[in-house]
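Have a look at the structure below before the remarks.
No value in this document is a laboratory result; all are computed from the given coordinates. Just so you know, these numbers come straight off a predicted model, no measurement behind them. No Cβ is skipped: glycine too gets one built from the backbone with ideal geometry, and neighbour counts run over all protein chains shown.
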Amino acid sequence: MSRTFLLVASLLAGLLAAPAVAHDYTLAGLKIDHPWTRVTPGRTGAAYLSVTNTGGEMDRLLAASSPVAEKAELHTHQLEGDVMRMRPVQAIEVPPGESAVLKPGGLHIMLLGLREPIREGSRIPLILSFEKAGSIEVELAVEAVGATGAGHGAHSGHTH
């Protein structure tokens, strides 16, 4: 085979595979970037992601659900005295032109009553419901037990 043929075949294979590895989603004026979770051997897990509002109106994440969990709750961490505690929140605001970052130690989605362990390399469906934009199904990439999500581009610079 010629080098040109192999080069073209490789480029085409790469282009065809690109949508399968893309891991960001768009819903109305919201961009959801790199939804992920960690390997979880027990019955409780957490989901993390970044939501950027490119629109002109405030939106709010109101709820989440997943077929792999009995229940999903929006949570944050709050310092109470010298102890950091998880607390449910009613909604997560995403102001226009800003991002809400759900990450370990901060805002996150608790996955409660997992029906089976979450295994590394798999994809977990998660439905996000926003006040104005509506609902979207995303896939959580399952990363190693100690993963922080820090190596995923847009995550590292956002604030809420």
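Among DSSP beta bridges lying fully in the stretch 23-147, give the percent that are antiparallel, nearest 5.
On the way: 46 of 49 bridges.
Roughly 95 percent of the beta bridges in the stretch 23-147 run antiparallel, per DSSP.
Classify the stretch 36-157 from the C-alpha gyration tensor, please: rounded if a/c falls under 1.5, else prolate or oblate depending on whether a/b exceeds b/c.
Details: a/c = 1.44, a/b = 1.27, b/c = 1.13.
Because its axes are fairly even, with a/c under 1.5, the stretch 36-157 counts as rounded.
Sort the following peptides by mean Cβ neighbour count (other Cβ atoms within 10 Å, averaged over residues), highest first: 69-79, 93-103. Walk me through the intermediate numbers first.
Working: 69-79: 15.5, 93-103: 18.2.
Ranked by mean Cβ neighbours within 10 Å, highest first: 93-103, 69-79.
I'd like the Karplus ³J(HN,Hα) series for the stretch 60-68: coefficients 6.51, -1.76, 1.60, θ = phi - 60°, whole numbers in Hz, and an x wherever there's a Gly or Pro.
Calculated HN-Hα couplings, in order: 9, 6, 9, 6, 9, 8, 8, x, 8 Hz.
If the cut-off is 20 Å between C-alpha atoms, which lysines fall inside it for Lys31, apart from same-chain ones fewer than 8 positions away?
Those lysines meeting the cut-off are Lys103, Lys132.
Just to confirm a number: summing +1 for Lys and Arg and -1 for Asp and Glu over residues other than Ala64 whose beta-carbon lies under 14 angstrom from that of Ala64, what do you get?
Numbers: positive: Arg60, Lys71; negative: Glu70, Glu73, Glu131, Glu137, Glu139.
Value of the local net charge: -3.
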